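Visitor: Quick one: structure below, then a few questions.
Every read-out reported here was derived from the displayed coordinates using simple, explicitly stated rules and does not represent laboratory data. Only a predicted model underlies this, so the values are computations on that prediction, with no experimental measurement involved. Here the Cβ positions follow ideal geometry from the backbone for every residue, glycine too, while neighbour counts run over all protein chains shown.
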Amino acid sequence: MADKLLSRYEELKAQINEHNYRYHVLDAPIVSDLEYDRLLNELKKIEADHPEWITPDSPTQRAGAKPSEKFEKVRHPAPILSLANAFGADDTRAWFERVKKLDDRVERASFVVEPKIDGLSVVLHYHDGQFVQGATRGDGEVGEDITTNLRTVRAIPLRIPVSKSAKTQVPKTLVVRGEAFIPNKDFEALNKKLEEAGEKTYLNPRNTAAGSLRQLDPVLTASRPITLLVYQIVYSDGGKVPTSQWEILEYLKSLGFPVTDVAKRFDDLNEAIAYTETFDKGRDALPYEADGMVIKIDDLTLAADLGFVGKDPRGAIAFKFPAREVTTTLLGIDVEVGRTGVLTPKAALEAVEIGGVVVRNATLHNFDFIEEKDIRIGDRVLVKRAGEVIPYIIGPVVDARSGKEKKYKPPTKCPACGQPVEHFEGEVAWYCVNAACPAQLVRNVEHFVSRGSMDIVGLGIKIVEQLIEAELVNDVADLFTLKKSQLLELEGFAEKKAENLLGSIEQAKGQSLNRLITALGIHGVGEVMAGDLARTYGNVTALSKTTADELQQIEGVGPNIAESIVDWFARPVNQKLLKKLKAAGVDPQMQKDEKKKDGVFTGLTFVVTGTLPNFSRDDAKAFIEGNGGKVTDSVSKKTSYLVLGENPGSKFEKAQSLGIKIIDEAELKQLAK
């Protein structure tokens, strides 16, 4: 048993040292922080039971990893250490109880809480107020000289104090420690810029900042939006330096160093813990990635007197948040069909816990994302879950590949109905355009009977689901062949309700051609375009025989929408649907090129946005068209007026940017007089 445990101990040391090297030297970790912490905690437990096994090469005896050979070495004037972790309030109180036994001054101590930023630790050297050298943490004793790269970071003062009017006395030699990082919004902007340029994007801000600072080319470092926050004086010679952490932060700020504005001082540990816990769920409000908060004893003399446990100073603890990013294995990729026919890839994962929740599935966004990130079946992938957001894949951990991973090919047929899928140029989504696709049927029927389409009163989504579950409706045409005897067999239906519903269905047979075209749910065809198609072709049969070139002669119809319309009508399953509708008496006609009624709005184009006080959207449309105007869905330079209601969307902003005249409902009515 002891031999087996010793073997596990040696294995853990090797694994953790390898992960330290990948994280601190290569900036290419293959496990998440959570997984690393689990390995380290297992190692610590073994060492606690067998202290005689501890060797100098144990990860518990080191602060980081050996510095890279490509940089000059810098020996730090004092050890640059990391902190022990606490996973929750109980762990934090246990730390307090341990150190309290060592020194009764701890009982009366105050505490400073600071963010634990997920970045790269850097050590900055100043001589006579001038920045002379900068280094990474390295192994805690020796780091890498990255002075030239750090000079490109604008947040680092090249001379202190920054302000000539500052009265703060500057030590002859001052060495400070800080965390270099890339703010979240800048990281997103950087990735977007790289993506647009067709270049490789990054997985997370921490690795990006670390990799950028450890480049041999400072020009590349300068192009990255790196900043930093300083929080510790490592060494000073000359001048009076404060002896409390809270005063250190104020002192550093007075010299011109960037210091966190999140830090707070507390006289009670429970208050410090409560403040820390507010950032667990609220960390998205921070402008940077933080994997926890650090609770420090404010009295630095007391903190120093408490000494160390291995590499961990006893005077501070890192209160770690539940992990939001972990790595796990991608077992496969499933495809879901949404209500609009959009095919969405979904990752099937080896079960992994993220923030207290076991995750087995995650979104992969779309098929282009899989290709761009080169995500393969069998990959080790980085998964993120923030708050209540659905877990999603960030990307593959390429360095963890074994060569057995398989490239993924998007489906050519809908997984629900077997019909060929469509992909329109310029769009990310892939579609199933089969109107009878079982995965879309409920929503297709719901759209078909809605107020803006065939307006079948009494057919809500619950009844639609009932009809489909009873296999009475397999496509929208089946609605028009329903019998009262069939409805009476359904729960909740009596004579009157069945008769009313059948009456509404019968009445819908007389709906206009533009309503039927809208109801068919052709991708890209809304109410306005349906009206244009109805006036151009006069009936569904003529529309079904049109070409993409003919369609593009109609205002607002581009190549993608034209292709979508032609493809919809070319599908045998959709042709069968139209024949069933016609056989059921649903075949509205409109005289081709029928002109709208002339009126005061003739030649004017309107867009309606927001909720109007008296008009519904349909009422406003009818009012405008009844006075000869045209209503469109989107704002453009051709828009004459934007009719504005409460809670408007982006159309309002676009109209403002284009200088479109904006009116309310009362002004619309006034215009018609």
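Visitor: Remind me, what semi-axes does the chain give for its equivalent ellipsoid, largest first in whole Å, using sqrt of 5 times each Cα gyration tensor eigenvalue?
Guide: Equivalent ellipsoid semi-axes, largest first: 64, 31, 24 Å.
Visitor: Expressed in nm², what is the orientationally averaged projection area of the convex hull enclosing the Cα positions of segment 522-673? If you can, show how the numbers build up before the last one.
Guide: On the way: hull surface 40.8 nm².
Approximately 10.2 nm², given one-decimal rounding.
Visitor: Along the charge dipole of the chain, which of Val635, Gly292, Gly315 sits closest to the positive end, that is, farthest toward it, with unit charges on the beta carbon of Lys, Arg, Asp and Glu (+1, +1, -1, -1)?
Guide: Looking along the dipole axis, the top candidate is Val635.
Visitor: Calculate the FRET efficiency for Ser7 and Asp104 from the Cβ-Cβ distance with a Förster distance of 35 Å, rounded to the nearest 0.05. Walk me through the intermediate numbers first.
Guide: Values: r = 43 Å, r/R0 = 1.22.
The formula returns an efficiency of 0.25 here.
Visitor: Contour minus end-to-end for Asn17 and Gln133, with contour as 0.36 nm per residue of separation and end-to-end as the Cα-Cα distance? Provide the component values of the computation, followed by the final result.
Guide: Working: separation 116, 0.36 × 116 = 41.76 nm, distance 2.77 nm.
Answer, rounded to one decimal: 39.0 nm.
Visitor: Taking amide H positions as placed 1.01 Å from N in the peptide plane, with prolines and chain starts having none, which residues 5 or more places from Leu382, or on another chain, fall under 5 Å of its amide H?
Guide: Sorted by chain and number, the residues that satisfy this are Ile394, Gly395, Val397.
Visitor: Report the label-to-label distance for Leu490 and Asp455 in nanometres (one decimal), using points 7 Å from each Cα along the Cα→Cβ vector.
Guide: The modelled label-to-label distance comes out at 2.2 nm.
Visitor: Modelling each spin label as a point 7 Å along the Cα-to-Cβ direction, I'd like the Asp280/Asp633 distance in nm, to one decimal.
Guide: Between Asp280 and Asp633, the simple spin-label model gives 4.5 nm.
Visitor: Okay, moving on. Sort by residue number and report every cysteine in the chain with no other cysteine beta carbon within a distance under 4.7 Å.
Guide: none
Visitor: Another question, if that's okay. What is the Cα coordinate range of segment 605-671 on the first, second and third principal axes, sorted by size from largest, in whole angstrom?
Guide: 28, 24, 20 Å, listed from the longest principal axis down.
Visitor: By average Cβ neighbour count within 10 Å, what is the ranking of 114-122, 323-331, 405-413, 640-648 from highest down? Display every interim value, and only then the final one.
Guide: Values: 114-122: 23.4, 323-331: 20.6, 405-413: 13.1, 640-648: 17.1.
The peptides rank, most packed first, as 114-122, 323-331, 640-648, 405-413.
Visitor: Between Leu658 and Asn560, take the C-beta separation as r, use R0 = 25 Å, and let me know the FRET efficiency to the nearest 0.05.
Guide: On the way: r = 23 Å, r/R0 = 0.92.
FRET efficiency, Leu658 to Asn560: 0.60.
Visitor: In whole angstrom, note down how far apart the Cα centers of segment 355-422 and segment 499-537 are.
Guide: 39 Å
Visitor: Under 8 Å for C-alpha pairs, at least 6 residues apart: give me the relative contact order for the chain, rounded to a whole percent.
Guide: Numbers: 1211 pairs, mean separation 62.0, N = 673.
About 9 percent, as a whole number.
Visitor: Roughly how many debye, to the nearest 20, is the charge dipole of segment 366-478 about its Cα centre, given +1 on each Lys and Arg Cβ, -1 on each Asp and Glu Cβ, and no other charges?
Guide: Values: 14 positive and 18 negative charges, 138 e Å.
Magnitude of the dipole: close to 660 debye.
Visitor: Grab the Cα-Cα distance for Asp334 and Glu195, subtract it from 0.36 nm times how many residues apart they are, and report the gain in nm with one decimal.
Guide: Values: separation 139, 0.36 × 139 = 50.04 nm, distance 2.56 nm.
47.5 nm is the gain from fully extending Asp334 to Glu195.
Visitor: Kindly rank 222-235, 553-566 from highest to lowest mean number of other beta carbons found within 10 Å of each residue.
Guide: On the way: 222-235: 20.1, 553-566: 16.7.
Ranked from most to least packed, the peptides come out as 222-235, 553-566.
Visitor: Return the Cα extents of segment 182-292 along principal axes one, two and three, sorted largest first, each rounded to a whole Å.
Guide: Sorted from largest, the Cα extents of segment 182-292 read 52, 40, 18 Å.
Visitor: Rounded to the nearest 0.05, what FRET efficiency is calculated for Lys73 and Arg154 with R0 set to 25 Å and r the Cβ-Cβ distance?
Guide: Once the sixth-power term is evaluated, E becomes 0.40.
Visitor: Could you compute Rg(Cα) / (2.2 N^0.38 Å) for segment 450-528, with N its residue count? Each step should come with its number before you reach the end.
Guide: On the way: Rg = 13.0 Å, N = 79, 2.2 N^0.38 = 11.6 Å.
Output field value: 1.13.
Visitor: Shape call for segment 325-407 from the C-alpha gyration tensor, a ≥ b ≥ c root eigenvalues: rounded (a/c under 1.5), prolate (a/b greater than b/c) or oblate? Don't skip to the answer; put the middle values down first.
Guide: Values: a/c = 1.84, a/b = 1.08, b/c = 1.71.
In terms of gyration-tensor shape, oblate.
Visitor: Then there is this: Need the full-extension length gain, Glu42 to Asp91, defined as separation in residues times 0.36 nm minus the C-alpha distance. One decimal, nm.
Guide: Working: separation 49, 0.36 × 49 = 17.64 nm, distance 1.59 nm.
Contour length minus Cα-Cα distance gives 16.0 nm.
Visitor: Okay, next question. If Lys and Arg each add +1 and Asp and Glu each add -1, what is the summed charge of the other residues whose beta carbon sits under 9 Å from the beta carbon of Lys116? Don't skip to the end; give the middle numbers.
Guide: On the way: positive: Lys320; negative: Glu114, Asp118, Glu179, Asp291.
Around Lys116, the surrounding residues sum to -3.
Visitor: Taking only the alpha-carbon atoms of segment 395-545, what semi-axes of the equivalent ellipsoid follow from 5 times the gyration tensor eigenvalues under a square root, in whole Å, largest first? Can you show the working numbers first?
Guide: On the way: eigenvalues 272, 108, 28 Å².
For segment 395-545, the ellipsoid semi-axes come out as 37, 23, 12 Å.
Visitor: Given the C-alpha centroids of segment 250-323 and segment 94-163, what is the distance between them in whole angstrom?
Guide: Each part's Cα centre sits 12 Å from the other's.
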